[in-house]
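Nothing in this text is a laboratory measurement; each read-out follows from the coordinates by a stated rule. On a predicted model such as this, the values are computed, not experimentally measured, just so you know. Backbone-built Cβ (ideal geometry, glycine too); neighbour counts: all protein chains shown.
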Amino acid sequence: MSGMSILTLTLVVVLAAGLGLAAAVAGRLARGLRRAEAASARRLKLSLDMICVAGLDGRIRSVNPAFERALGYREEELFGRSLVDFVHPDDREPTEAGAAAIPSGVGPVRFQSRWFGKQGEVHWLDWRSATFPDEGLIYAVARDVTDRRELELELERLAQRDPLTGVFNRRRFDEELSVRLSDARRHRRGGALLLIDLDRFRSINDELGHAAGDLALCEVARVLDENTRGSDAVGRGFDGMVARVGGDEFAVLLAEAGPVEAAAVGERLVAALEATDLTVEGSPVPLAVSVGVAPFDARDARAEELLARADQAMYVVKAGGGGGAGQARVRDDRAGA
């Protein structure tokens, strides 16, 4: 064998060894990749969180089994659908705004939205999404926080609502009155405060019992609430907020109602309550009320003064026998304004 042949043979052996080593390395890498992919697939299947992959157009490419467990949808039912197709109508605008920020690639985006399940039930989902422009994909993880969200809403309701009647409580009323007066000063808008006291409430309690008194209060709250909504006949166009501010005393805040309109609403509330047929154990319970009406505008700065004016007007009506509405006097420093 010549020297050249020996050299050639040596090179072939070396190359073969190198190729064998490369093949072995490639094999190990491939097996490692397959193991990693299998582990990732197992984690996706076992994850309690809902994991979704979508295109930059917001259309779903794949989801993990948690979607079916939480919402009832199989992956094939979601494939190609837009994420916003399943969002509650009230949440679509903020969801679309959040989704529009995702493709920009400016870090993860977090937001909450309500989704409809397959059976029509509503789920609160807490989302965290990020985009990978090089892949042309959006990765999103959602957690069903319905129970937590409902608890938060219930706690918020309890903090703002009167436990007996369900209308707003005094604390929430004071906050809203402050906001409305501030808004009136800032935007030169008016409104009106109505204080409403249930006549003969002590007699109802004494003669028919406290259960009857509670029922009377609930009925007053219901009638006031139904008749001060913007879409109802009483106070049409003047969206009202109803609150229980004392034992037998309620307040109504009317937005953008002038003195004439506010007085008309007060009279109509009196009539609506008088027409209410409430009977307790066969005994009729009259729902006569005394209403004090105090319009306000940009010149009214203090809630205490406005409440005092409405309270005074209410007690003038009550002193005259009740069952009516009276308008508060204009402050002396505004009489000539």
Quiz item: Among 213-221, 271-279, 175-183, 155-163, what's the highest-first ranking by average C-beta atoms within 10 angstrom per residue?
Solution: 213-221, 175-183, 271-279, 155-163
Exercise. Starting with the highest mean, order 281-288, 79-86 by the number of other Cβ atoms within 10 Å, averaged over the residues of each peptide.
Key: 79-86, 281-288
Self-check item: Cβ-Cβ FRET estimate between Glu281 and Arg170, R0 fixed at 41 Å, reported to 0.05
Solution: 0.85
Quiz item: Fewest to most neighbouring Cβ within 10 Å: what's the order for Val291, Val109, Val260?
Solution: Val260, Val109, Val291
Quiz item: In terms of the ratio Rg/(2.2 N^0.38 Å) built on C-alpha atoms, what value belongs to region 175-219?
Solution: 1.85
Quiz prompt | Centre separation in Å (Cα based) which lies between region 67-89 and region 254-282 | solution = 48
Practice problem: Have a look at region 161-334 and give its Rg and Dmax from the Cα atoms, expressed in angstrom. | Solution: 15.5, 52
Quiz item: Along region 79-87, what does the Karplus equation 6.51 cos²θ - 1.76 cosθ + 1.60 (θ = phi - 60°) give for ³J(HN,Hα), rounded to whole Hz, x for Gly and Pro?
Solution: 4, x, 7, 6, 4, 6, 4, 9, 8
Quiz prompt | Inverse mean reciprocal Cα-Cα distance (Kirkwood Rh) of region 45-149, Å | solution = 13.6
Quiz item: Per the Kirkwood definition applied to all pairs of different Cα atoms, how many angstroms is the hydrodynamic radius of region 148-207?
Solution: 14.4
